[in-house]
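Below is one structure, written out as structure tokens; the observations come after it.
The values are calculated or read from the model by the stated rules, or taken from the named source; none is laboratory data. The model shown is predicted, which means the values in this text are computed figures rather than measured ones. Note that each Cβ is placed from the backbone with ideal geometry, even for glycine, and that neighbours are counted across all protein chains shown.
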Amino acid sequence: MADQLLGKPLLKALNVTKSFGGGRGFLGMGPPKEPTPVLHGVDLVMGAGEVTGLIGESGSGKTTFGKCLLRIVEPDAGTVELEGRDWLAVPRNDLQAERARYQMIYQNPYACLNPGLTVGAHLRETLSVFRGIKGDEADRLVLDELGRFGMQDKVTSYPGELSGGEKRRVSVARTLLTQPALVVADEPTSGLDASVKADVLDAMLHARDADTAYLFISHDLDVIRFVSDRILVMYRGRIVEVMETDRINPELPHHPYTVMLFEAARADVPSEEELEARKGAQVRGLDLEVGCPYRPLCAIWHESGRAEGPCTEELPTLVQIHGHQQVACHVMAAEASSIEANKTTNAPGIPGDQKESKS
Ligand SMILES: Nc1ncnc2c1ncn2[C@@H]1O[C@H](COP(=O)(O)OP(=O)(O)OP(=O)(O)O)[C@@H](O)[C@H]1O
Ligand code: SF4
Ligand SMILES: [Mg+2]
């Protein structure tokens, strides 16, 4: 479980589970369909002002998890506590008002801007609804906020007159004006060029000084490493690794999926032939309900000759292997414990609290 708190308790989500679909198809007349599981019991505990990065390939369930935490999508099972309160017990009718402190920056910001309202009107409305601020003070705060994003001259523009990056900045500005305790930021810097990206990150991290915490979802691993206190890696609806950003060290055992994500980001990807070979060896005849769901793509498993054993028989769960690093991989967990055992045998008397440097 990702359960080490860095600030005062804010979020405690346990066993968050979600499936989509099921039912009987068109007009309820088709054959019954099995729901498709998307989240398989995900845990996350966060403190105030903390930034948790969430990475994983497209479709792994990142957005769904963020939405379940805020009840934009209702989880099927699990518990979510926000600031000590049972969030899942809040009546649906009260959610809108309660959401002032718990906000989402949507992956697609276009959908949440009203085409008939100017940028200034959007932001003034946010101040009025969430903080009760109106009139001159609201105008001043709106201009200040837009100034942080280099967009003061857009105060009278309509969404249709903005570029994609400008719409994204308005959506971030609007969220920050609510002074939230928790923001699920879903790809907030996607499509922004480098200087604008820096402005947006700066504004978001500035809000962190006022104890705003973020679940920061992104495919941009450089941004994730820059902003996050720790990083969760999600594969097919399960967290397979938890890393502290000051301990991302290539020397440490990492989940093979994490290694693949970081290699892909460096364009250091396996060759086409290797991928094809792995794919060919993949799913056919494999029961992924049992054993490690990553094994069809796992180089270690293929190199072992797809041996029988824990990889094929037991679902790996997160195991603490180093500091606060956790990994859900039988082989990497065993390797980590043998590294620790060697350290103890070979280096008696060396202080145990030596930090790895950031790679
Ligand atoms: N409302 C929905 N109804 C049915 N299926 C859904 C719904 N929302 C998401 N899904 C499915 O759940 C899976 C996870 O989707 P999700 O959007 O959470 O992935 P993601 O990790 O955020 O991907 P990306 O990186 O592309 O944004 C996908 O297979 C998606 O098609
Ligand atoms: S548990 Fe086995 S199959 Fe799964 S990632 Fe680890 S080595 Fe690969
Ligand atoms: Mg998404």
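Here is a list of conditions, (1) surrounded by 17 or more Cβ atoms within 10 Å (Cβ to Cβ); (2) within 16 Å of ligand 3 (Cβ to nearest atom); (3) touching a residue at least 60 places away in the same chain (Cβ under 8 Å), and Glu57 meets all of them except one; can you say which number that is?
Every listed condition holds for Glu57 apart from (1).
Could you list, in sequence order, the residues of region 123-161 that are out of contact with any helix residue (DSSP H, G or I) (no Cβ under 9 Å at 6 or more places or on another chain) and in contact (Cβ under 8 Å) with a residue 40 or more places away in the chain?
Gly160
If you scan region 53-80, which residues turn out to be farther than 24 Å from Arg225 by Cβ and more than 8 Å from ligand 1 (Cβ to nearest atom)?
Hits for region 53-80 are Cys68, Leu70, Arg71, Ile72, Glu74, Pro75, Asp76, Ala77, Gly78, Thr79, Val80.
Just a yes or no: is a residue in region 139-159 in contact with a Leu (Cβ under 9 Å, 6 or more places away or on another chain) and of a type in the set (Gly, Ala, Ser)?
no
Those residues that are under 15 Å from Lys167 (Cβ atoms) and surrounded by 14 or more Cβ atoms within 10 Å (Cβ to Cβ), I need them from region 111-125; list them, please.
Listed by number, the residues that qualify are Cys112, Leu113, Leu117, Thr118, Val119, Gly120, Ala121, His122, Leu123.
Of the conditions (1) modelled with pLDDT of 90 or more; (2) of a type in the set (Ser, Thr, Tyr); (3) away from ligand 1 (no atom under 16 Å from the Cβ), Tyr294 fails just one. Which one is it?
(3) is the only condition that Tyr294 fails.
Looking only at region 109-145, which residues are assigned to a loop (DSSP other than H, G, I, E, B), of a type outside the set (A, V, I, L, M) and at negative phi?
Result: Asn114, Pro115, Gly116, Thr118, Lys134.
With the structure loaded, tell me whether Glu313 is within 27 Å of Asp43 (Cα to Cα) and at pLDDT below 80 or whether it fails that test.
Working: within 27 Å of Asp43 (Cα to Cα): yes; at pLDDT below 80: no.
Here the answer is no, as Glu313 does not meet what is asked.
List every residue pair whose Cβ atoms lie under 9 Å apart, where the two residues are 6 or more positions apart in sequence or sit on different chains, the first residue falls within region 315-342 and is β-branched (Val, Ile, Thr), and the second residue, located anywhere, is surrounded by fewer than 16 Cβ atoms within 10 Å (Cβ to Cβ) and in a helix (DSSP H, G or I).
Val319/Ser337; Ile321/Ser337; Ile321/Ile339; Ile321/Glu340
Which condition does Tyr106 not pass, out of (1) touching a Ser or Thr at 6+ places or on another chain (Cβ under 6 Å); (2) surrounded by 17 or more Cβ atoms within 10 Å (Cβ to Cβ), if it passes all the others?
(1)
Mind checking which residues of region 59-99 are in a loop (DSSP other than H, G, I, E, B) and within 20 Å of Glu187 (Cβ to Cβ)?
Gly59, Ser60, Gly61, Ile72, Val73
If you go through region 166-196 one residue at a time, how many are touching a helix residue (DSSP H, G or I) at 6+ places or on another chain (Cβ under 7 Å) and in a helix (DSSP H, G or I)?
Within region 166-196, residues that are touching a helix residue (DSSP H, G or I) at 6+ places or on another chain (Cβ under 7 Å) and in a helix (DSSP H, G or I) number 12.
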